[in-house]
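These notes concern the structure reproduced below.
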Amino acid sequence: MKFKYLEYAVMIQYCHSISKAAEKLYVSQPALSETINRMEEELGFIVFKRTNKGIEITPLGEKFIQDAEEILQIKSKWDVYAQQSTDLLEDISEEVHLALTPSLCDVFIASFFYRLRDKYHNLSIILHQMPTEDICKYLLRENVSLGIFSIEPQRVKEFCELFAKNHFETKFLYRDELKLLVLATDPLAKQKKVTLSDLQHYTLLMLEEKSSSIISTKFSSSFCKKHVLPKTDNMLNLLTQPGNAAIFTSRGMQENYLVQQGIIKMIPFCEEFAEIDNFLVYRKEKFLSRGERVIVKTILNEY
């Protein structure tokens, strides 16, 4: 019996709906139904009875869910034991490749990559920046096991299903928000929120288009001009000039010196599509190296 079966069954019982459970698990409803059917075949009894009004749990199903919850609690203890064991592996000598979207580089480097390197002195992390649309292709083509991608909430299911088909796990990390960055003396800096129509007289400063797909597709047409730059530092330097603006994730910029000193102002958008979800993607754990396991557990414990 796979742990995944237990997790799926418990989520269905919690949601009282296969469709709602599928949304929370980021799997398709047919795939979830098929998994539950396989689980019930393996068990030899029905857990969920399908009716015209939805699903009902059977008496045996209630006992099964109780057992499943206890087993999952025990599994969580095993995960802690595994983490404690991993913490002892500070002699790991390995080069690990990680694909991630550019807006996340500053976030993850600042938050814990340096701490990880200090603890595991011989563990080398090589970062590869690329748009979300290219991360899956890159992982498969280069046989890389780890990635972190940013995606609009309405596209999450599509991408999680894509990774699942290629035998990768996806774990939600956190929700961020794209914000407009302008000089603090700019008239827009006085507004609590901005709309796309406010941007028509500004020049958009953005990183290389190949690494800024969300900003390019959702925002660039609202600006009168755009200026593509190779590095974040170049973008921030030009932001100190009037008439220029940039769009970046809140978490990626909140620790920046110019923002903290009040030279650059971050302003939220009125548009809902400014929200961004961030996910960790990795191969099934049995296919991960020791160094890759350390990175996965470190990231998941951080969030």
query: In debye to the nearest 20, how big a dipole does the chain give about its Cα centre with +1 on each Lys and Arg Cβ and -1 on each Asp and Glu Cβ?
result: 400
statement: The pairs in LYS4/LYS157; LYS171/LYS226; LYS137/LYS226; LYS2/LYS24 lying past 25 Å Cα-Cα in this model are LYS171/LYS226; LYS137/LYS226
task: Calculate the spin-label point distance for GLU133 paired with SER197, positioning each point 7 Å from the Cα along the beta-carbon direction, and give it in nanometres.
output: 2.9
field: All-pairs alpha carbon distance profile, the chain, 10 Å steps from 0, percent
entry: 5, 23, 27, 23, 15, 6, 1, 0
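Given a Förster distance of 25 angstrom, what is the FRET efficiency for LEU188 paired with THR240, based on the Cβ-Cβ distance and rounded to 0.05? It would help to have the intermediate numbers written out before the result.
Numbers: r = 15 Å, r/R0 = 0.60.
Calculated transfer efficiency: 0.95.
Around MET39, with a cut-off of 12 angstrom between Cβ atoms, what is the net charge of the other residues, counting Lys and Arg +1 and Asp and Glu -1? Write down the numbers at each step before the final one.
Values: positive: LYS2, LYS4, ARG38; negative: GLU7, GLU34, GLU40, GLU41, GLU42.
Here the count lands on -2.
If you take the beta carbon distance between ASN122 and ASN52 as r and set R0 to 45 Å, what does 1/(1 + (r/R0)^6) give as a FRET efficiency, to the nearest 0.05? Provide the component values of the computation, followed by the final result.
Numbers: r = 61 Å, r/R0 = 1.35.
Plugging the Cβ-Cβ distance into 1/(1 + (r/R0)^6) gives 0.15.
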message: Could you identify which residue out of VAL80, VAL281, VAL156 has the top mean-square fluctuation in a GNM of the chain using Cα springs shorter than 10 Å?
response: VAL80
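Restrict the search to the range 143-222; then list the chymotrypsin sites (Phe, Trp or Tyr not before Pro) that DSSP places in a loop and that have at most 13 other Cβ atoms within 10 Å of their Cβ. Please report the intermediate quantities before stating the final value.
On the way: sites: PHE149, PHE159, PHE163, PHE168, PHE172, TYR174, TYR202, PHE219; in loops: TYR202, PHE219.
Passing both the DSSP loop test and the Cβ count: no residue.
Can you list which of the trypsin sites (Lys or Arg not before Pro) found in the range 19-71 are DSSP loop residues with at most 11 other C-beta atoms within 10 Å?
Numbers: sites: LYS20, LYS24, ARG38, LYS49, ARG50, LYS53, LYS63; in loops: LYS53.
Listed in order of number, the matching sites are LYS53.
Whole number in Å², please: accessible area per residue of the chain, 1.4 Å probe, ligands, DNA and RNA not counted.
Numbers: 16300 Å² over 303 residues.
That works out to 54 Å² per residue.
The values are calculated or read from the model by the stated rules, or taken from the named source; none is laboratory data. Owing to the predicted nature of the structure, the values given are computational and were not obtained by experimental measurement. Positions of Cβ are generated from backbone atoms using ideal geometry, with glycine treated the same way; all protein chains shown enter the neighbour counts. Surface areas here come from the heavy atoms of the whole protein model, side chains and all, with no ligands, DNA or RNA. Shrake-Rupley method; radii C 1.70, N 1.55, O 1.52, S 1.80 Å.
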